[in-house]
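Below you'll find the structure, written out as structure tokens, and then a few comments.
The values are calculated or read from the model by the stated rules, or taken from the named source; none is laboratory data. It should be emphasised that the depicted structure is a prediction, and the values quoted were computed from it without experimental measurement. Counting neighbours? That spans all protein chains shown, and the Cβs are built from the backbone with ideal geometry, glycine included.
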Amino acid sequence: KFSGPTNDDEFAESLDTLERKHVDFTLPSERDLGVTTLWPETRKLFGHESELVCLDAYRAPLGSDEPSLVASSCKARNDVASAAIRLWNAKEGKCVGILKGGHRSTVSTMSFSRDGKYLASSGKDRRICIWKKVGGDSLSSDESASGYELAAAADSAHKRIVWSVHFCPSMPNIIASGSRDGFVKVWKVCEIADEGPQLKELLKFEPSTKGGKKSEPVTAVAFAEGLPDDIIQYGILGIGTESGRIEVWAVPVSDDSGSKEPTLLHAIAANESHFDTVKKLSWRPLAATNNVESGAALQFTLASCSQDSGVRIYNISISI
């Protein structure tokens, strides 16, 4: 609502003044963030030789001797060594492992499985690596004893750079990936006796919204958490694209899903979407009281952040 001058000439003059006036849209300083944020900084971690690209965290169960971990990657230079992933003990602030030999270039996305058994990584080399936890529950502070080793990999998993991977919370051996090639893929980590883990592609599909393009790069994927047991054969997957659009799909994830195809459940309207690349999606876990009978609706909350410097939170009702 504008309550300024009502005279047309005065109104035009006031607009000219606003256009000429310099408005400083600077980001808050580190000191200001430290004072006002709800999550104050507790420590700094040093070890990478270039700027960070990706982080992910594993939270150990309460009461467990197992440490909570943070995985980090940085922009790789001209050597394979800089494409390594570092693991950090979140409580002690120490580097407890360096995962080498998986990638040849920048790792742009990582995801821990809910049980901490696996860490998935991918990026510019289009290779999806599955790192498996070994050697018990404790991680040594010796960098050579990371506690994770390369267990499986899919070379050329997509035709272009892989921007996002995410493990399904209800089925920790199911993982989704999204790529610049415009496709979403769902994979299963299969434990085969005497052969070790293998990565099997279950399905592949494209977002329904392409904005007139031949393909719409997929830049973010995220599974919803806390689904009722009666729909555990499906995963609710959020998809973010380069154009800022967001869609929600039901994807079959269990062995008894047969030949069922993924289904579009909801697409955020264009006027409520971001106007630049979606960088990250995160679901609020469903409360136990949200368990409803089949055919009723579940109330989801989905948060998104974008290259347009915006964060949006959506309430989404989905019938099951």
request  = Could you please find all residues in region 233-250 being in a strand (DSSP E or B) and modelled with pLDDT under 95?
outcome  = Y234, G235, I236, A250
task = Report yes if T241 is without any contact (Cβ under 8 Å) to a residue 40 or more places away in the chain, of a type in the set (V, I, T) and crowded, with 16+ Cβ neighbours inside 10 Å, otherwise no.
result = yes
Residues satisfying the stated conditions in region 177-187, i.e. assigned to a strand (DSSP E or B) and in contact with an Asp or Glu (Cβ under 8 Å, 6 or more places away or on another chain) = V184, K185, V186, W187
note = Reported set for region 156-214 where residues are of a type in the set (V, I, T), within 11 Å of I128 (Cα to Cα) and crowded, with 22+ Cβ neighbours inside 10 Å is V162, V165, I175
request  = Would you point out which residue out of L87, L33 is surrounded by 12 or more Cβ atoms within 10 Å (Cβ to Cβ), at pLDDT below 85 and out of contact with any Lys or Arg (no Cβ under 7 Å at 6 or more places or on another chain)?
outcome  = L33
All positions within region 96-111 that are surrounded by fewer than 20 Cβ atoms within 10 Å (Cβ to Cβ) and either touching a residue at least 40 places away in the same chain (Cβ under 8 Å) or outside any loop (DSSP other than H, G, I, E, B) (or both) = I98, G101, T106
